[in-house]
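See structure below.
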Amino acid sequence: MSHLGYARLMALDREQMLRTAAAVLSRKSTATMDEVARAAGIGRATLHRHFAGRDALVRALEALGIRELESALDRSRIDDGPAGEALRRLIGEMQPSADLLAFLYTENQLFEGEIDEGWARLDARVSDLFRRGQQQGEFRIDLTPAWLTEALYGLVGSCAWAVMDGRVAQKDFQYMIAELLLGGARRSVDA
């Protein structure tokens with residue numbers, strides 16, 4: 001095998017390990033490196049060659065989560081059309097990565113010290129969507145774009161867990177988040 005072929009195989013293996021780790025840690029955030037290695041079908045030593053420990057693994061998952069959310073933002077075309085429609089598209093595009101994002105949202109070590117510039121960039125893009133919706137009269141103006149961004153992340157995480165637990169149907173993911181976020185929990189007089 002050529003050096004380039006070997007490098008691609010290693011990158012693919014590392015990506016697969018990350019995706020397996022994301023799946024394991026999304027279901028059980030306290031999973032050990034041994035449990036992650038077993039789920040990936042590799043030995044603990046192999047996992048440690050790629051990730052020196054849990055902190056390194058979580059940081060690699062953070063980088064994956066940033067890439068996944070950035071791709072979801074790009075695919076959803078959040079600058080096109082009404083902000084509410086753009087938000088619905090964004091939620092739909094976030095769904096495939098929701099389990100990973102749920103884990104990352106609650107992983108405290110990510111938020112010790114400085115926030116990764118990738119998260120800050122993503123937060124700004126999502127906040128800009130909410131700000132645009134406020135300026136266009138679609139969204140409430142009594143809630144800050146920063147809070148609406150955090151609420152979106154929280155709802156995506158909560159719904160991901162509910163889907164994993166079987167309390168919410170996967171097909172309802174986008175609808176339930178968008179309706180609660182955009183409509184609030186208060187029943188209108190007209191309903």
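Values in this text are rule-based calculations from the coordinates and carry no lab data. Everything quoted here is computed from the prediction, not taken from an experiment. Don't worry about glycine lacking a Cβ; one is built from the backbone with ideal geometry, like all the others, and counts go over all protein chains shown.
3J(HN,Hα) along region 23-33, derived from phi through the Karplus expression 6.51 cos²θ - 1.76 cosθ + 1.60 where θ = phi - 60°, amounts to 5, 5, 6, 5, 7, 9, 5, 9, 4, 7, 4 Hz, with x in place of Gly and Pro. In the chain, helices alone account for a calculated mean residue ellipticity at 222 nm of -23000 deg cm²/dmol, with every DSSP H run of four or more residues adding -39,500 (n - 2.57). Of the options [x] 1.03; [y] 0.96; [z] 0.93, only one is Rg/Rh (Cα atoms, Kirkwood Rh) as computed from these coordinates, and that is [x]. When the chain is treated as a GNM with alpha-carbon contacts under 10 Å, the residue of TRP119, TRP161, TRP147 showing the greatest mean-square fluctuation is TRP147. For region 39-52, 3J(HN,Hα) computed residue by residue from phi via the Karplus equation (6.51, -1.76, 1.60; θ = phi - 60°) reads 4, 7, x, 10, x, 4, 4, 5, 4, 5, 5, 8, 9, 4 Hz, glycine and proline entered as x.
Per-residue Karplus couplings for region 171-181, computed as 6.51 cos²θ - 1.76 cosθ + 1.60 with θ equal to phi - 60°, are listed in order as 5, 8, 3, 4, 4, 5, 5, 4, 5, 5, 5 Hz, Gly and Pro entered as x.
Full-extension gain between SER29 and ARG54, please, as 0.36 nm times their residue separation minus the C-alpha to C-alpha distance.
On the way: separation 25, 0.36 × 25 = 9.00 nm, distance 1.11 nm.
Between SER29 and ARG54, full extension yields 7.9 nm more.
Placing unit charges on the Cβ atoms only, positive for Lys and Arg and negative for Asp and Glu, gives region 20-123 a dipole magnitude near 560 debye about its Cα centre. Its Cα centre serving as origin, the chain has a Cβ charge dipole (Lys and Arg +1, Asp and Glu -1) of approximately 520 debye. Cβ-to-Cβ counts within 10 Å put PHE51, PHE130 in ascending order as PHE51, PHE130, the fewest first.
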